[in-house]
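Beneath this line is the structure, given in structure tokens, with notes to follow.
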Amino acid sequence: MAKRWIVLLLAIAVALAVVPLATAGPGGGWAHGKKKFNLVGTVVPPDATAGTLTVKVKAGTKTVKSVLDSTRLLGLVVDPAARVRIVTAEGCKTATLAKVRALSGAKVKVRGTIEASVFTAKWIKAKMMPTPEPSSPLPSPAP
């Protein structure tokens, strides 16, 4: 009976020693999410700078909200290896940054990293909002 208790206590001690090691993150410069960002907004007409995207931010992480001013515009540098997608009626298609920049007013979701106050987009997904069909006037009531 005493051997069972010793084995049980030993197993618990080993488990308690392993749990902190398993939950610890990698050493060094682990970002803990402070060097990452997510945002949702709309594409603003393109400027002359290649490799950038300007977004009017609707919502985003704390790191995005902390740098917004009253215009809510945020200029992003787009990584050349960024994954750029456009949602169409046929599904999600791979696209270029130029196509996304041309979709002024399109809804966009962006994920990326922050290095020295520069927001770099690593993942972009754009969706052109469907245009509403004009409503037909109601027929006038019969006299």
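The values are calculated or read from the model by the stated rules, or taken from the named source; none is laboratory data. Since the model is a prediction, treat every value here as computed from it, not as a measurement. So basically every Cβ, Gly included, is an ideal-geometry build from the backbone, and we count neighbours across all protein chains shown.
Here are some notes:
- Within segment 79-97, the only residue that satisfies the criterion of being within 18 Å of P45 (Cβ to Cβ) and loosely packed, with under 11 Cβ neighbours inside 10 Å is T96.
Residue-wise test of (1) more than 24 Å from the chain's Cα centre (by Cα); (2) surrounded by 15 or more Cβ atoms within 10 Å (Cβ to Cβ); (3) at pLDDT 90 or above.
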{"position": "V14", "(1), (2), (3)": "yes, no, no"}
{"position": "V19", "(1), (2), (3)": "yes, no, no"}
{"position": "G25", "(1), (2), (3)": "no, no, no"}
{"position": "K35", "(1), (2), (3)": "no, no, no"}
{"position": "L39", "(1), (2), (3)": "no, yes, yes"}
{"position": "P46", "(1), (2), (3)": "no, yes, no"}
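- Cβ-Cβ under 8 Å pairs, at least 6 apart or on other chains, segment 41-52 side under 16 Å from M128 (Cα atoms) and without any contact (Cβ under 8 Å) to a residue 60 or more places away in the chain, far side part of a loop (DSSP other than H, G, I, E, B) and of a type in the set (S, T, N, Q): P45/S104; P46/S104
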